[in-house]
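The values are calculated or read from the model by the stated rules, or taken from the named source; none is laboratory data. It should be emphasised that the depicted structure is a prediction, and the values quoted were computed from it without experimental measurement. Heads up, the Cβs are rebuilt from the backbone with ideal geometry, glycines too, and the neighbour counts pull from every protein chain shown. Note: accessible area is taken over every heavy atom of the protein model, side chains too, but ligands, DNA and RNA are not part of it. Shrake-Rupley method; radii C 1.70, N 1.55, O 1.52, S 1.80 Å.
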Amino acid sequence: MSKLFVEQFKEEIYRCIRCGYCRDFSRYRDSAYRVCPLRENDATPGFEPYSARGRLMLIRFVLEGKLQLNEKLADLFYTCPTCRNCWDKCYVAQTRLKGKNMINQVEIYEAFRHDLFKAGLISPRHKQILEWTVKEHNPYLEKHEDRIKWVPAGVEPPPTKSDVMYFVGCTSSYRQKNIAAATLSLLRKAGINVGVLYPDEWCCGSPMLRIGHRELAKELAEHNIAALEKAGAKMVVFSCAGCYRAFKVDYPALGIEPPFELKHAIDLALELLDQGKLSIKKDFKAKVTLHDPCHTGRHLVHIKAELYDQPREVIKRIPGIEFVEMERIRRNSWCCGAGGGLRSYNADISLALAKNRVKEAERTGADVLTSICPFCYRNLSDAIKLSGSNMKMYDLVEILDMVTE
Amino acid sequence: MMSTTSALVEALSNIVGSRFVSDDINVRLAYSRDASPEPPRICDVVVRPGSTEEVAEIVKVANRFKTPIIIRGGGANLVGLPPGSGGITIDMTRMCNIVEIDETSMTVTAQTGINWSMLTYELKKKGYRTPFYGPFSGGAATLGGGISNASAGLGSAKYGTVADILVGLEVVLPTGDVIRTGSGANPFARKFARWGFGPDMTGLFVGDQGIFGVKTEATLKIMPWPDCWTFGSYTFQDLEKCCRAIYEVQLKHIPVNIILLEPDFNRLFGKAGFRGLADVPFSVHLHIEGYSKDEVDKLKAEADEIMKKHGGNEVPPDFPSWNFTRPWEWPPRTGPLGQAWITACYKVPILDYPAHRDMWYRVLDKYKDVMKEKKIDFYVASLVVENALDPMNVLYWFDEDEEAREWVRKIWRDLIINEIRNGAIHYWLGKVIGERVAQTYTGTYFDFLRTIKRALDPNGIINPGLLLL
């Protein structure tokens, strides 16, 4: 067998002491109840390889030549939303050595997924997504020419060049168009002549990295950076947690440092509120709870760029909102199940996770569930429908757009 | 014709549903090791039952197929899986619900697949805690595992071990029959009393390494959550005086937790910023809890006087205030450079400890060259379990180095044999420690155990080979 990509993490893999805290460890001191969402309420069969200890053991067996790459192994590795809670609760991972965390579970899984991809062990659905992205630059099997159709009728299309560019992302372009429209509206209210890359915005590459096609991800990243540079961007704004994480963390890991200021829309909106460029004029009468996306949370804490305070501060400023927190928030936020390629790989499991999160939201008594990611929005709103919940789902940008003038 | 494994999978699927049965090699390999450096033991099938009834049926199937059962809780053991190969691994962690918090009898009944941190989390919501609240591995280690290993750990200085808080059990016997022990044996009574209603059958299953049956539910004492606490840290130059201080504090049962750190750990924690530890040989750390500030202040003053009387120098309590507000997060399970670890917890009378401890260094002297060459380190910390010190003598090594791992296995075994011969009482035993402990049993005692095992488990189905039975 040729050398596996994951071998670069060998030292980290052997640091796992198999203590099993990556599964159901609970900390009363900060309301961290359980760790791996795949094990809660039988969302999966819950065998060892569904969580980090088992996964790292299996990679170790592969590296030692005692286990060959195989389809069932691939299934176990793709059945993971890569929410990074196992990394967050692993005290080996949280111990730093030479300026680095001792184990980086998700980076290891994704390196191993690259090996599985190279071995042809990806699902037909993921294969289709990769092929379509090469052809039409999005994973939703949509036409590239339709990418701009999120702009509502009667709204002036944004320019294609500006010093502030909005990177819309595939989910908001093709599925949660409401979020893209609200983001554009909000930024315009603040007097920002925000631009959008059209026809040059391609998928950010996050799904490709999650599936394991690093080369395609890099190609997409290089394209997007070049296009944004050409558009004159000084700041790039995101309403998608996944795209934001891709630019903040994944691009540098691929050797590409974005030469712009990167801002999540909610972070920027808070600054605009502080500067008086946005004014809240209306109430939003509802009991609201907030879901922290993994991509703007645990995936950014190691670079100290997590967005936990900003959405709460925005919510606090909106009159009429009675804000209630769920039990598991911030670094302990319970994954909605959409990420890591899980939604496209196994929608049933992905939605089972989302239903667990919706149940937790319902326990607060809130009637509105909000978040700052279109992909979380999509999975949670689907789970709301499937579970017959009466909750309403809004992106926080949408709520802010409703109450500002 | 269907293979035996296929027939077994089918039989188990009929009990728990096919979703919770797997004979996939990937799954079986992931269950092939515990947290020790012992080589893998690969089973034939893994099953995750969700109820006592399912466990009982699984045990009956195992008897029918004459195939062994390996009971697995949190998989955090440091002792190796039972000897042999094949069989059914029962992963108990799907059975992780609290059955009842009975405020009238001040008990909690929970399924045994719940881990200690989950149990404590749920109890705290209601304002309760178990007096002993789990081994240091309780973030994964289950209630069932804790009882099977007679665990000590958090709360042990004041409240003893899991045995001391256990009121009764529900057990699936190796034949598949289900019994309740303690007052639970009386169908008309609450589960509130361990003794009475006949002999103490609960005790039979405490520390049994799972060989006498599958524990499915346990009833434990609870107490109101102690909402006041304080900490104390003292450094000592002399181990004898240090142990005398601990002994006297223990005569009064003052702290809920006590940890004794020895030079290497002091250096490690001192380097990490815990004040007053960097250059001291021994340090003692107290965790005192209660229900009012006056109460804990008074207890602290008593402890303070004893510690200082024996030469203790008080330093800022950085270590205990960090460590005991983070139960189950005991940091040195990984070495400072990311090494793997192994240890063997056991009990030795507090005042015997200084002499007992010298034995390790005599053993390790034989290996000093290889330890240097293979970068194997030895660190020591102890907790206090009522009248005993419970040393955690840690060997660290880089697990990528297979030769180092093999040397560690050898050194670890050598230490265990010498510990037993020097009067140590190990409690988590498993394969590696269990077989050495069993070799020490007198013939009459071993025959007695074997008679019980054969009576309960005529086909030798459950955890075969542990304690050489």
10 Å Cβ neighbours from other chains, averaged over peptide A:42-55: 6
Mean Cβ count within 10 Å, highest first, over the residues of peptides A:117-129, B:208-220: B:208-220, A:117-129
Degrees between helix B:293-309 axis and first principal axis of chain B (Cα, 0 to 90, nearest 10): 70 degrees
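Sort A:21-27, A:250-256, B:445-451 by packing, meaning the average of other beta carbons within 10 Å per residue, with the highest value first. Each step should come with its number before you reach the end.
Values: A:21-27: 26.7, A:250-256: 16.9, B:445-451: 13.0.
The packing order, highest mean first, is A:21-27, A:250-256, B:445-451.
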For segment B:424-469 and segment B:177-252, distance of Cα centres in Å: 22 Å
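Per residue of A:10-17, count partner chain C-beta atoms within 10 Å of its C-beta, then hand back the mean as an integer.
Working: counts 1, 4, 1, 2, 8, 9, 4, 13.
What the average comes to for A:10-17 is 5.
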Calculated from backbone phi, Karplus (6.51, -1.76, 1.60) coupling profile of segment A:187-194 in Hz, x at Gly/Pro: 5, 5, 4, 7, x, 8, 7, 6
Cα-centre dipole for chain B with unit charges at Cβ (Lys and Arg positive, Asp and Glu negative), debye to 20: 360 debye
Rounded to 10°, Cα long-axis angle of helix B:116-125 versus longest principal axis of chain B: 80 degrees
Helix-only [θ]222 nm of chain B, DSSP H runs n ≥ 4, -39500 (n - 2.57) each, per residue, nearest 500: -10500 deg cm²/dmol
Nearest-ten-degree value, helix B:4-16 long axis tilted from longest Cα axis of chain B: 80 degrees
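Please label the shape of segment B:228-323 as rounded, prolate or oblate, based on the square roots a ≥ b ≥ c of the eigenvalues of the alpha-carbon gyration tensor (a/c under 1.5 means rounded; beyond that, a/b larger than b/c means prolate, else oblate). Could the numbers behind the result be given before it?
Numbers: a/c = 2.23, a/b = 1.35, b/c = 1.65.
Oblate shape, in that a/c is at least 1.5 and b/c is the bigger or equal ratio.
Using only atoms on other chains, find how many Cβ atoms lie within 10 Å of each Cβ of peptide B:117-126 and report the average.
Values: counts 9, 6, 1, 3, 9, 3, 1, 3, 4, 0.
For this peptide, the per-residue mean of nearby foreign Cβ atoms is 4.
Can you tell me how segment A:123-262 classifies by the Cα gyration tensor, rounded, prolate or oblate, using a/c under 1.5 as the rounded cut? Provide the component values of the computation, followed by the final result.
On the way: a/c = 2.01, a/b = 1.31, b/c = 1.53.
It is oblate, given that a/c is not under 1.5 and a/b is not larger than b/c.
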Three-way shape call for segment A:257-405 based on the alpha-carbon gyration tensor, with the a/c threshold at 1.5: oblate
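Which percentage, to the nearest 5, of the DSSP beta bridges contained in the protein assembly as shown is antiparallel? Provide the component values of the computation, followed by the final result.
Working: 63 of 91 bridges.
Counting DSSP beta bridges with both partners in the protein assembly as shown, the antiparallel share is about 70 percent.
Within the set A:Lys149/A:Lys177; A:Lys287/A:Lys392; B:Lys241/B:Lys293; B:Lys158/B:Lys347; B:Lys375/B:Lys410; A:Lys359/A:Lys385, which residue pairs have Cα atoms separated by over 18 Å? Write down the numbers at each step before the final one.
Working: A:Lys149/A:Lys177 8 Å; A:Lys287/A:Lys392 10 Å; B:Lys241/B:Lys293 29 Å; B:Lys158/B:Lys347 15 Å; B:Lys375/B:Lys410 15 Å; A:Lys359/A:Lys385 12 Å.
Where the Cα-Cα span goes over 18 Å, the pairs concerned are B:Lys241/B:Lys293.
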Simple Cβ-charge dipole of the protein assembly as shown, Lys/Arg +1 and Asp/Glu -1, about Cα centre, in debye nearest 20: 440 debye
Percent RCO, i.e. relative contact order, over chain B, from Cα pairs under 8 Å lying at least 6 residues apart: 16 percent
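Taking the Cα centre of chain A as origin and charging only Cβ (+1 Lys, Arg; -1 Asp, Glu), how large is the dipole, in debye to the nearest 20?
Details: 61 positive and 51 negative charges, 183 e Å.
Using Cβ point charges on Lys, Arg, Asp and Glu, chain A gives about 880 debye.
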Accessible area of B:Thr67 in the full protein assembly, 1.4 Å probe (Å², nearest 10): 20 Å²
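Sort B:341-350, B:314-323, B:146-155, B:360-369 by packing, meaning the average of other beta carbons within 10 Å per residue, with the highest value first.
On the way: B:341-350: 22.4, B:314-323: 19.0, B:146-155: 27.0, B:360-369: 12.9.
Packing proxy ranking, top to bottom: B:146-155, B:341-350, B:314-323, B:360-369.
Need the full-extension length gain, A:Gln275 to A:Lys10, defined as separation in residues times 0.36 nm minus the C-alpha distance. One decimal, nm.
90.5 nm
Just the number, please: carbon plus sulfur as a percent of the accessible area of segment B:331-426, 1.4 Å probe, no ligands or DNA/RNA counted.
On the way: 1810 of 3780 Å².
The computed percentage sits at 48.
If you roll a 1.4 angstrom probe over the protein chains with everything in place, what fraction of the accessible area of segment A:198-256 belongs to carbon and sulfur, to the nearest %? Walk me through the numbers before you get to the answer.
Details: 960 of 1810 Å².
Of all accessible area on segment A:198-256, carbon and sulfur atoms account for 53 percent.
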